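This report refers to the structure that appears directly beneath it.
The values are calculated or read from the model by the stated rules, or taken from the named source; none is laboratory data. No experiment lies behind these values; they were computed from the predicted model shown. Reconstructed Cβ throughout: ideal geometry from the backbone, glycine too, with neighbour counts over all protein chains shown. Ligands, DNA and RNA are stripped out before the accessible areas are found, and what is left, the full protein with its side chains, is counted by its heavy atoms. Shrake-Rupley method; radii C 1.70, N 1.55, O 1.52, S 1.80 Å.
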Amino acid sequence: VIYSVLGFIIETIFGMLTKGVIESRKSFLYGPFCGIYGLGAIVMIIGLQYFKKNNYTLFFGGFLIGSIVEYIVSLVGEYVYHIKWWDYSTMPFNLNGRICVWFSLAWGILAIYLMTSIHPKIDHFIDRFTPKTIKTLAIISVILLMIDSMITGVALKMFFTRLVQNYQLELQNVDNYMIDYEKLYQHPTIKQIVDHWFTDEKILKTFPNIKVTGKEG
């Protein structure tokens, strides 16, 4: 949770520096979380124990592990959520648009700072709390993340339903579930809730870099 929030801050600053605007870099509709940083940090902290010999090995480990995590998260996003969270296909030295060498280099550099500076400070901060407090906070955080994740999943499915119904877009990988969500969307109460809380504007403001793939690619 901590690293997901830090990742959200890092991504927001990165967006400001590269695009000159403040835009949402969240993974979910409501919480200030960039999930790939939280997941990536935990996998790195565990996986980089073998690479803690020096900064060179940490860099290599971060480059490798960060790239694998980023690729898998991108793959899951496409096949589970039917969405592209990011697309590096226009950048040099990319692999299927899911990872590219420049961001992999950034993962390597981040791994050095993570293991030598950031994580020790986070550990020291957590040690200030009692085990009971940590357990309570962890349980609450997991519940909130699960709820936020499920709401986000439903909202995105409804967003795709509207894209097909209102704009006649033919999208890849939506046929299997579209019929069920079209039926849900036709229910007056559900339609009212969806159109009020999960508007196109809300989705596009939360995920300004969202991309969907047409049936012809």
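Starting from 0.36 nm per residue, how many nanometres of slack lie between A138 and D200 once their C-alpha separation is accounted for?
That works out to 19.1 nm of additional length.
Of Y71, L58, T189, which is farthest on the positive side of the dipole of the chain, counting Cα position, with +1 on Lys and Arg Cβ, -1 on Asp and Glu Cβ, and the Cα centre as origin?
Positive-end residue among those listed: L58.
Shape verdict for segment 73-217, please, from the Cα gyration tensor: rounded (a/c under 1.5), prolate (a/b greater than b/c) or oblate.
The shape class here is oblate.
Please report, ordered by residue number, every helix of the chain (full DSSP H runs) that is 27 Å or longer along its axis going by C-alpha atoms and whose mean Kyte-Doolittle hydropathy reaches 0.0.
Helices meeting the criterion: 55-80, 131-167.
How big is the gap, in Å, between the Cα center of segment 44-81 and the Cα center of segment 110-185?
After rounding, the separation between the Cα centres reads 19 Å.
Between I126 and I147, take the C-beta separation as r, use R0 = 30 Å, and let me know the FRET efficiency to the nearest 0.05.
Calculated value: 0.80.
How many Å² of accessible area per residue for segment 2-149, probe 1.4 Å?
Here the per-residue accessible area is 60 Å².
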